[in-house]
1. For the range 72-113, which residues satisfy the criterion of being surrounded by 21 or more Cβ atoms within 10 Å (Cβ to Cβ), farther than 23 Å from Ala138 by Cα and either among the aliphatic types (A, V, I, L, M) or out of contact with any helix residue (DSSP H, G or I) (no Cβ under 7 Å at 6 or more places or on another chain) (or both)?
2. Condition first: in contact with a Gly (Cβ under 7 Å, 6 or more places away or on another chain) and over 18 Å from Gln215 (Cβ atoms). Now tell me which residues in the range 9-46 satisfy that.
3. What tally of residues in the range 119-135 results from selecting those that are buried (at least 19 other Cβ atoms within 10 Å of the Cβ) and either over 13 Å from the mean Cα position of the chain (by Cα) or β-branched (Val, Ile, Thr) (or both)?
4. Phe152 - would you say it is at pLDDT below 70 and of a type in the set (A, V, I, L, M, F, W, C)?
5. Looking only at the range 40-54, count how many residues are assigned to a helix (DSSP H, G or I) and within 18 Å of Leu219 (Cβ to Cβ).
6. Can you name the condition, by its number, that Gly66 falls short on among (1) assigned to a helix (DSSP H, G or I); (2) over 12 Å from Ser128 (Cβ atoms); (3) in contact (Cβ under 8 Å) with a residue 60 or more places away in the chain; (4) of a type outside the set (D, E, K, R)?
7. Among the residues of the range 136-148 satisfying the criterion of being of a type in the set (A, V, I, L, M, F, W, C) and within 13 Å of Gln2 (Cα to Cα), which is modelled with the lowest pLDDT?
Amino acid sequence: MQTLFDMMQQAGGGNAFSTMARSYGLSEHQVEQAVAALMPAFSAGLRRNTQTATGLESFLAALGSGQHQGYYQNPFSAFDPTARGDGNGILGHLFGSRDVSRQIASQVSQATGISETILKQMLPALASMIMGGLFNQARGGNNPIGELLEQFTGGRSSRRQREPENPLGDLIGSIFGQMMGAQPQREERRVPTGADIFGKMFDAGADIQNQQVRQFEALIEQMTGRR
């Protein structure tokens, strides 16, 4: 199963990095460095955003629209003003604050030597492309996100006809049940998170250590005041 970095390498038929290099005045090696350094932040944001049923439903609703697929298939389109607006909207959901995005760009700039201004411009484009890539993977089938998205989009209209006790109702109950195995005592049950469900699809990739993901998770939590 592809990691986020692997997925980005294949965007635009494998031409995403060269497209980004031309757009930002960087070498392809610099783009690869930037993407590899930014993926832990996106991994942390995706995991954070799908830790609750409400967050997971919002993520699936945005993903299921399919509106970002074109940005993944044609990375050049991710740099126009409309795409930038879409990307900033995704960043808001993932990171919760523009200050977090700025801090991420600052940290990655210090680590890579790439201009913080360029990295700030790169973040919304990458956000749109990542959502498009995840949608692309979901449509490929044989993965948790595809199964869950299919159930979510198929059951959305029926859920509207009744008063839900939970944002997802029992739509993903069967998947959660399989993941948790035999049912333990109710007080011991743990609600699975997006990281549990999607596994390596939310991994940063490129031999990036989990410690870097945890550092960005801590940054997001600190700057958004979430406990």
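The values are calculated or read from the model by the stated rules, or taken from the named source; none is laboratory data. Just so it is clear, the structure is predicted and the values come from calculations on it, not from any experiment. Here Cβ is always computed from backbone atoms with ideal geometry, including for glycine, and neighbour counts include all displayed protein chains.
1. Within the range 72-113, Val100, Ile104, Ala105, Val108 qualify.
2. Restricting attention to the range 9-46, the residues satisfying the condition of being in contact with a Gly (Cβ under 7 Å, 6 or more places away or on another chain) are 11, 19, 39, 46.
Matches in the range 9-46: Ala11, Thr19.
3. 3
4. Against the criterion (at pLDDT below 70 and of a type in the set (A, V, I, L, M, F, W, C)), Phe152 qualifies.
5. 10
6. (1)
7. Going through the range 136-148, the residues of a type in the set (A, V, I, L, M, F, W, C) turn out to be 138, 145, 148.
Checking which are within 13 Å of Gln2 (Cα to Cα) leaves us with 138, 145.
Details: Ala138: 77, Ile145: 68.
Out of the qualifying residues, it is Ile145.
Residue-wise test of (1) part of a helix (DSSP H, G or I); (2) modelled with pLDDT under 90; (3) closer than 17 Å to Gly96 by Cβ.
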| residue | (1), (2), (3) |
| --- | --- |
| Met1 | no, yes, no |
| Ala21 | yes, no, no |
| Leu26 | no, no, no |
| Leu56 | yes, yes, yes |
